[in-house]
Amino acid sequence: MQIEDAHDLSDNKDADETLFAHQIGGLVMSLPSELSQTLLLVAKEGFTYKEAAQAMDIPVGTVMSRIHRARKIISETLTPREEII
């Protein structure tokens, strides 16, 4: 995912939501690649945990762990008002 892709998440929304989408996109891209790739497969591409595990050739538990770690890192970076993940 590129920063420009975050705009797709914010079509027809106000400026605050667009800015927030860009912030989330930047945070996702700043994650270690194994976390960002896993998160994007599930959250953006709609893969199930099992499908993501098969695509990445890793156990489902590893997918679950990576998603949890990615979300935790992102939510810890946001201000309390912004925590919606």
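Conditions tested, residue by residue: (1) assigned to a helix (DSSP H, G or I); (2) without any contact (Cβ under 8 Å) to a residue 24 or more places away in the chain.
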residue: Gly25; (1), (2): yes, no
residue: Val28; (1), (2): yes, no
residue: Phe47; (1), (2): no, yes
residue: Lys50; (1), (2): yes, yes
residue: Ser65; (1), (2): yes, yes
residue: Arg71; (1), (2): yes, no
- Item | Matching residues, the range 30-41, being surrounded by 14 or more Cβ atoms within 10 Å (Cβ to Cβ) and outside any helix (DSSP H, G or I) | Leu31
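Suppose the filter is at pLDDT below 90, closer than 24 Å to Glu17 by Cα and surrounded by 14 or more Cβ atoms within 10 Å (Cβ to Cβ); does Glu82 pass it?
Values: at pLDDT below 90: yes; closer than 24 Å to Glu17 by Cα: yes; surrounded by 14 or more Cβ atoms within 10 Å (Cβ to Cβ): yes.
Answer is yes for this residue.
The values are calculated or read from the model by the stated rules, or taken from the named source; none is laboratory data. None of the values given here were measured: they were computed from a predicted structure. Using ideal geometry, Cβ is built from the backbone for each residue, glycine included, and neighbour counts are taken over all protein chains shown.
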